[in-house]
There are 2 protein chains.
Amino acid sequence: MKYELDQAQELSAQIAQAIRDGIMEGRLIVDQRLPSESDLCEQFQVSRPTVREALKRLAAQNLIRTQRGASGGAFVNRLSFEDAYGQQITTSTLLLSMNAVSFETACEARFALERACVALAAQRRTPDQLAAMRAEIHRQSQPGLSDESFCASDVAFHRALVDAAGNPVMSYQLAGAVEAIEPLMNMITFTARKREKIVELHTLIADALEARDAATTEAVLGQLAEHTLELAREVARMRSKSA
Amino acid sequence: MKYELDQAQELSAQIAQAIRDGIMEGRLIVDQRLPSESDLCEQFQVSRPTVREALKRLAAQNLIRTQRGASGGAFVNRLSFEDAYGQQITTSTLLLSMNAVSFETACEARFALERACVALAAQRRTPDQLAAMRAEIHRQSQPGLSDESFCASDVAFHRALVDAAGNPVMSYQLAGAVEAIEPLMNMITFTARKREKIVELHTLIADALEARDAATTEAVLGQLAEHTLELAREVARMRSKSA
DNA sequence: TTTTTACAAATGTCTGACAATTAATTTTTC
DNA sequence: GAAAAATTAATTGTCAGACATTTGTAAAAA
């Protein structure tokens with residue numbers, strides 16, 4: 001392998017990119033061992049700290065893992081769905097908070113995407129997934145629950161709904177949409193009355209899924225979206241009044 | 001700020017996590033300057049290379065940017081939609097290729113999510129977006145086009161469809177679903193006849209969107225999904241026969 | 001044969017230095 | 001006095017070399 005490095009970027013970034021390309025193009029395959037750090041130093045004609053900075057960049061993206069010891073080194077990592085979920089959620093959350101994305105926009109995206117799961121979920125939902133949804137519904141109807149816990153349970157309910165579609169790629173794609181909205185939801189205060197309504201709609205969704213009734217599920221989900229937006233508008237009104 | 005570091009993980013990973021938490025919890029805000037590397041060395045009681053490895057991890061996630069010079073340093077970066085797209089596509093592509101996700105699963109996810117955009121796209125599509133779609137359709141009907149270019153244009157068409165929903169969060173969430181399937185699509189050979197069919201369906205979609213007809217768009221998208229899956233099945237049959 | 005020890009290879013970390021870049025400051029020049 | 005040029009200081013980027021730590025392997029001892 002021959003490498004040509006440009007002077008424009010930092011060396012560590014270029015080295016990381018060269019290795020990343022190797023992984024994405026399939027020249028480096030899962031569990032393959034990269035050359036040792038000293039070998040990489042020679043190949044790229046740089047010092048060890050520079051090579052290490054490059055490797056740390058890749059480690060941050062879960063593209064490689066390192067092992068110490070005699071037969072250690074850096075290995076191409078199989079990107080697990082679990083790892084990908086985490087990255088997805090981190091990125092989505094920051095994207096929303098740093099770009100001042102409105103609650104309406106985030107909420108619209110979330111419910112639109114969630115609705116895409118409903119048809120599949122109605123076909124494929126397992127008893128376990130239904131049980132998970134009912135468990136969250138039960139939690140949500142506990143009286144002493146804090147707003148934060150209520151939101152967390154809400155997210156868990158919707159995660160279960162998404163998972164019920166039985167398509168891991170969709171679960172991954174939607175992880176961000178569903179989870180990243182939690183910080184925004186946390187700004188809403190849920191009165192007992194509002195919670196009651198949400199729990200009622202959640203119950204209807206679970207019932208419709210149990211009956212494998214996609215149309216009803218979709219309709220109720222639409223109501224839930226409307227209700228959630230209404231809550232947000234109320235908060236906005238309160239804010240503008242007090243200001 | 002007081003930091004407690006555990007001995008279990010690498011120091012650079014722990015330091016990166018501590019700073020990442022600060023960003024995600026809002027203690028460090030966009031464009032804020034982090035302490036200089038030497039200051040961080042003192043705060044965390046580690047050497048400069050270790051601090052630098054931590055910073056490179058964060059740079060790999062676009063969470064910080066660094067600037068050399070007198071008033072330089074590391075700054076909290078505003079995660080742009082552009083950056084987030086890139087990360088999303090990288091992660092999705094690797095996730096699919098490394099976990100041997102079947103074409104059926106990826107395709108199902110893609111079309112289901114895309115269908116979620118249709119209602120909004122029918123309302124909001126702009127003339128520019130329609131023009132972009134028609135331009136890709138025109139490219140796809142060129143006779144000399146390679147399979148790779150055809151696939152790339154197909155992806156561009158679907159990106160335009162997603163963008164037509166006018167919701168940047170959805171565009172971001174779907175970037176992975178739409179783009180990551182390209183390597184899988186590249187395994188399919190498109191005969192002239194098959195291309196004709198695809199171009200025909202794309203045209204119907206563009207027409208329906210122009211007419212703001214969500215129902216028709218959705219129906220045609222369903223046909224396109226079915227047609228794409230049929231192509232994949234054909235390839236699978238050929239493979240098993242020749243093997 | 002089993003256990004222990006020693007060794008070797010690799011990553012993790014540290015120290016100290018120098019290079020390159022950039023903003024601010026000072027000096028020079030007109 | 002104002003503008004241009006040179007200097008300085010701060011900061012990141014890179015390098016060299018060393019030692020610590022971990023871990024697999026091989027040799028030695030029981």
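The values are calculated or read from the model by the stated rules, or taken from the named source; none is laboratory data. Since the structure is predicted, the reported quantities are computational estimates derived from the model, not experimental observations. Cβ coordinates were reconstructed from backbone atoms using ideal geometry, including for glycine residues, and neighbour counts include every protein chain displayed. For the accessible areas, the whole protein counts, side chains as well, though only heavy atoms, and no ligand, DNA or RNA atoms are used. Shrake-Rupley method; radii C 1.70, N 1.55, O 1.52, S 1.80 Å.
Of all the residues in the stretch A:117-134, those that are open to solvent by 10 Å² or more (accessible area, probe 1.4 Å), among the hydrophobic types (A, V, I, L, M, F, W, C) and away from chain B (no Cβ under 14 Å) number 3. When A:Phe111 is tested against (1) within 17 Å of the chain's Cα centre (by Cα); (2) free of Cβ contacts under 8 Å to residues at least 12 places away in the same chain, only condition (2) is not met.
Take the stretch A:24-51 and flag every residue that is of a type in the set (Val, Ile, Thr) and either open to solvent by 70 Å² or more (accessible area, probe 1.4 Å) or within 29 Å of B:Arg48 (Cβ to Cβ) (or both). Within the stretch A:24-51, A:Ile29, A:Val46, A:Thr50, A:Val51 meet the criteria. Filtering the stretch B:47-80 to residues that are within 7 Å of DNA strand D (Cβ to nearest atom), under 17 Å from A:Ala13 (Cα atoms) and in contact with a Cys (Cβ under 8 Å, 6 or more places away or on another chain) leaves nothing. Of the residues examined, B:Ala165 is not one that is touching a helix residue (DSSP H, G or I) at 6+ places or on another chain (Cβ under 6 Å), among the aliphatic types (A, V, I, L, M), in a helix (DSSP H, G or I) and within 14 Å of chain A (Cβ to nearest Cβ). Scanning the stretch A:95-116 for residues that are more than 8 Å from every other protein chain (Cβ to nearest Cβ) and open to solvent by 10 Å² or more (accessible area, probe 1.4 Å) returns A:Ala100, A:Ser102, A:Phe103, A:Glu104, A:Phe111. When we screen B:Ile15, B:Ile19, B:Ile29, B:Ile89 for residues that are away from DNA strand D (no atom under 16 Å from the Cβ) and assigned to a helix (DSSP H, G or I), the only hit is B:Ile89.
Pairing residues of the stretch A:226-237 that are not assigned by TED's automatic domain parsing to the domain that holds A:Ile188 with residues that are open to solvent by less than 60 Å² (accessible area, probe 1.4 Å), at Cβ distances under 9 Å and at least 6 apart in sequence or on separate chains, gives no pairs at all. One residue stands out among those in the stretch A:67-94 that are of a type in the set (A, V, I, L, M) and open to solvent by 30 Å² or more (accessible area, probe 1.4 Å): the one that is nearest to the other protein chains (Cβ to nearest Cβ), which is A:Ile89.
Would you confirm, using the coordinates I've provided, whether B:Ile64 is buried (at least 20 other Cβ atoms within 10 Å of the Cβ), away from DNA strand C (no atom under 16 Å from the Cβ), within 16 Å of A:Leu95 (Cα to Cα) and more than 10 Å from chain A (Cβ to nearest Cβ)?
Details: buried (at least 20 other Cβ atoms within 10 Å of the Cβ): yes; away from DNA strand C (no atom under 16 Å from the Cβ): yes; within 16 Å of A:Leu95 (Cα to Cα): yes; more than 10 Å from chain A (Cβ to nearest Cβ): yes.
So B:Ile64 fits the description; yes.
Looking only at the stretch A:77-100, decide whether some residue is within 24 Å of B:Asn186 (Cβ to Cβ), within 16 Å of DNA strand C (Cβ to nearest atom) and hydrophobic (A, V, I, L, M, F, W, C). No, the stretch A:77-100 contains no residue that is within 24 Å of B:Asn186 (Cβ to Cβ), within 16 Å of DNA strand C (Cβ to nearest atom) and hydrophobic (A, V, I, L, M, F, W, C). In the set (1) of a type in the set (S, T, N, Q); (2) in contact with an Asp or Glu (Cβ under 8 Å, 6 or more places away or on another chain); (3) within 20 Å of A:Ala109 (Cα to Cα), A:Gln173 fails one condition alone, (2).
Out of B:Asp207, B:Asp147, B:Asp163, B:Asp213, I need the residue that is acidic (Asp, Glu), open to solvent by 40 Å² or more (accessible area, probe 1.4 Å) and touching a Ser or Thr at 6+ places or on another chain (Cβ under 7 Å). Which one?
Sole residue among the options that is acidic (Asp, Glu), open to solvent by 40 Å² or more (accessible area, probe 1.4 Å) and touching a Ser or Thr at 6+ places or on another chain (Cβ under 7 Å): B:Asp163.
Got at least one residue in the stretch A:204-217 being at positive phi, out of contact with any Pro (no Cβ under 8 Å at 6 or more places or on another chain), modelled with pLDDT of 95 or more and within 14 Å of chain B (Cβ to nearest Cβ)? Checked against the condition, which is being at positive phi, out of contact with any Pro (no Cβ under 8 Å at 6 or more places or on another chain), modelled with pLDDT of 95 or more and within 14 Å of chain B (Cβ to nearest Cβ), the stretch A:204-217 yields no hits at all.
Only one of the listed residues (A:Ala54, A:Ala18, A:Ala100) is among the aliphatic types (A, V, I, L, M) and modelled with pLDDT under 95. That residue is A:Ala100.
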